[in-house]
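Visitor: Pasting a structure below so you can have a look.
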Amino acid sequence: MLPRGGRVLIIRLSALGDVLFALETVAALRQERPDVTIDFLVEDRFQQLLDGHAHIDRVLVYPRRHRLRIPGSILALRKTRYDVALDLHGIQKSAMHTLFAKAHHKVGPASPASREGARFAYNLTVPMPTPPPHRAVVGHMLLKAIGLSGEATAPTIATTEPPAGILEGLPRPRVLLHPGTSAFAAFKRWPSDRFAELARRLTTRGVGVVIGFGPGEEQLAAPALALATGSRAANGAELGLLGLGGIMRHCDVVVAADTGPLHLGAAVGARCVALFGPKNHLRYGPRGHGEVQHEVVFHDVPCRPCKRRTCATPQCVLGIDVDTVEAAVLRQLETLKT
């Protein structure tokens, strides 16, 4: 199905964690078929993750706000002929690009891993189990469908080195705490006062603590920075995704809720403590590779996991106490000694 020297289009428009999961598919494809050309279609807000990527030959950009005209990403697809297009996203927007792509084989997942009628854009629909597998596994299943092994492969991501001074003099081991999530996913957040208490306890133990935060999340980070003497701030708005990833690469553990920066930490090789609320960690949890494995912490309630977009009292998150998270962090730090 994929001839020698062929060209492959991978489509994963968003979100941050899912784009990072898709890099597993890229790594697996490149490892098994170094002869192929790989193009990757992504939303403009995540382009910086892929520009100059060692395994990607060309990045195509979908302008998220395209003002009701035909996106340039579709026009670009019409100029290139692909042997295979892999739709890892499986929604209407990604299927629209798959449909217009000049590809001999248009491959995507069946329901329940796709929705919004995306399957009608494919000439090869790959059956999926119920419940659906981890988002990263979907990509590997698509690779198997085109005749490759689809073996799980650690992603590659190029980060930038931290600016001078941010980590200077900060002791090891180091733990990065990221209290925020997107505003859309605010109900997934672990309370910032608990992050602050965790930061205080870790600094008391002699652990170097970094507090990461994104645009508009300064107030979420402030309690931890105030309470943990000697902690450092990692402002993602100034550093960018690759800069934040660079700091995470120099940390031993990343603690975050179910959000993009959690998966960024996993992608750069940090051990993660993932604070999961409503979502199913078996489908959305951080990916471990080789010796680096992660720990998922959650408070089990009858309604978890759920598919709600908002919740006034998310007990699945609020039920996680500081003692439990601290113990998980210490277990991860203990693995560094073995």
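Visitor: Looking only at helices (runs of 4 or more DSSP H) that fall completely inside the stretch 229-338, which ones have 2 or more residues that are more than 25 Å from Phe184 (Cβ to Cβ) and not assigned by TED's automatic domain parsing to the domain that holds Val138?
Guide: 236-249, 322-335
Yes/no per residue for (1) more than 19 Å from Ala22 (Cβ to Cβ); (2) in contact with a helix residue (DSSP H, G or I) (Cβ under 6 Å, 6 or more places away or on another chain); (3) small (Gly, Ala, Ser):
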residue: Gly236; (1), (2), (3): yes, yes, yes
residue: Cys251; (1), (2), (3): yes, no, no
residue: Gly265; (1), (2), (3): no, yes, yes
residue: His294; (1), (2), (3): no, no, no
residue: Leu330; (1), (2), (3): yes, no, no
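Visitor: Here are the criteria: (1) closer than 24 Å to Leu241 by Cα; (2) surrounded by fewer than 17 Cβ atoms within 10 Å (Cβ to Cβ); (3) touching a helix residue (DSSP H, G or I) at 6+ places or on another chain (Cβ under 8 Å). Tell me which single one Asp57 does not satisfy.
Guide: Answer for Asp57: the failing condition is (3).
Visitor: Considering only residues that are of a type in the set (S, T, N, Q) and within 25 Å of Met1 (Cβ to Cβ), look in the stretch 144-166 and name the one that is surrounded by the fewest Cβ atoms within 10 Å (Cβ to Cβ). Outline the logic, then answer.
Guide: Kept after step one, since they are of a type in the set (S, T, N, Q), are these residues of the stretch 144-166: 149, 153, 156, 159-160.
Now restrict to residues that are within 25 Å of Met1 (Cβ to Cβ): 149, 153, 156.
On the way: Ser149: 12, Thr153: 21, Thr156: 16.
Of everything passing the filter in the stretch 144-166, Ser149 is surrounded by the fewest Cβ atoms within 10 Å (Cβ to Cβ).
Visitor: While we're looking at this one, here's another question. Out of everything in the stretch 167-196 that is buried (at least 22 other Cβ atoms within 10 Å of the Cβ) and within 15 Å of Arg232 (Cβ to Cβ), what residue ends up being nearest to the chain's Cα centre (by Cα)?
Guide: Looking at residues that are buried (at least 22 other Cβ atoms within 10 Å of the Cβ) and within 15 Å of Arg232 (Cβ to Cβ), I get His178.
Visitor: Filter the stretch 309-324 down to residues that are closer than 13 Å to Phe276 by Cα and touching a helix residue (DSSP H, G or I) at 6+ places or on another chain (Cβ under 7 Å) and give me whichever is surrounded by the most Cβ atoms within 10 Å (Cβ to Cβ).
Guide: Looking at the filtered set, the residue picked out is Val317.
Visitor: Taking Asp258 as meeting all but one of (1) under 25 Å from Gly165 (Cα atoms); (2) under 12 Å from the mean Cα position of the chain (by Cα), write down the number of the exception.
Guide: (1)
Visitor: Could you check Ser73 against (1) closer than 25 Å to Ala152 by Cα; (2) of a type in the set (S, T, N, Q); (3) in contact with a strand residue (DSSP E or B) (Cβ under 9 Å, 6 or more places away or on another chain) and say which number it fails?
Guide: Every condition holds for Ser73 apart from (1).
Visitor: Is at least one residue of the stretch 296-308 touching a Cys at 6+ places or on another chain (Cβ under 8 Å), charged (D, E, K, R) and either surrounded by 15 or more Cβ atoms within 10 Å (Cβ to Cβ) or over 27 Å from His140 (Cβ atoms) (or both)?
Guide: yes
Visitor: Right, here's the next one. Considering (1) part of a strand (DSSP E or B); (2) surrounded by fewer than 24 Cβ atoms within 10 Å (Cβ to Cβ), say which one Gly206 fails and leave the rest.
Guide: Answer for Gly206: the failing condition is (1).
Visitor: Between residues in the stretch 84-106 that are within 9 Å of Ala121 (Cα to Cα) and residues that are in a helix (DSSP H, G or I) and among the small types (Gly, Ala, Ser), which pairs lie under 6 Å by C-beta distance while being six or more apart or on different chains?
Guide: Taking only residues 6 or more apart or on different chains, the pairs are Ala95/Ala118; Ala95/Ala121; Thr98/Ala121; Leu99/Ala121.
Visitor: While we're here: Sort out which residues of the stretch 55-107 are assigned to a strand (DSSP E or B) and within 20 Å of the chain's Cα centre (by Cα), and write them in order of number.
Guide: If the condition is that a residue be assigned to a strand (DSSP E or B) and within 20 Å of the chain's Cα centre (by Cα), then Val59, Leu60, Val61, Tyr62, Leu86, Asp87 are the ones that fit.
Visitor: Take the conditions in a loop (DSSP other than H, G, I, E, B) and either under 25 Å from Glu334 (Cα atoms) or outside the structural domain of Ala266 (by TED's automatic domain parsing) (or both) and apply them to Ala196. Does it pass?
Guide: No.
Visitor: Right, next: Is at least one residue of the stretch 131-153 of a type in the set (Ser, Thr, Tyr), closer than 30 Å to Ala233 by Cα and in contact with a helix residue (DSSP H, G or I) (Cβ under 6 Å, 6 or more places away or on another chain)?
Guide: Scanning the stretch 131-153 turns up no residue that is of a type in the set (Ser, Thr, Tyr), closer than 30 Å to Ala233 by Cα and in contact with a helix residue (DSSP H, G or I) (Cβ under 6 Å, 6 or more places away or on another chain).
Visitor: Quick check on Gly208: is it within 20 Å of Leu20 (Cβ to Cβ) and either at pLDDT 95 or above or of a type in the set (A, V, I, L, M) (or both)?
Guide: Taking the combined requirement at face value, the residue does not satisfy it.
Visitor: Which ones in the stretch 96-120 are of a type in the set (A, V, I, L, M, F, W, C) and more than 19 Å from Arg135 (Cα to Cα)?
Guide: Hits for the stretch 96-120 are Met96, Leu99, Phe100, Ala101, Ala103, Phe120.
Rundown of residues vs (1) among the aromatic types (Phe, Trp, Tyr); (2) in contact (Cβ under 8 Å) with a residue 60 or more places away in the chain; (3) closer than 30 Å to Arg45 by Cα, yes/no style:
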site	(1), (2), (3)
Glu238	no, no, yes
Ile247	no, yes, yes
Thr259	no, yes, yes
His281	no, no, yes
Gly285	no, yes, yes
Val301	no, no, no
Thr310	no, yes, yes
Leu333	no, yes, no
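The values are calculated or read from the model by the stated rules, or taken from the named source; none is laboratory data. This one's a predicted model, so the numbers in the text were calculated from it and none came from an experiment. With ideal geometry, Cβ positions are generated from the backbone for all residues, glycine too; neighbour counts draw on all protein chains shown.
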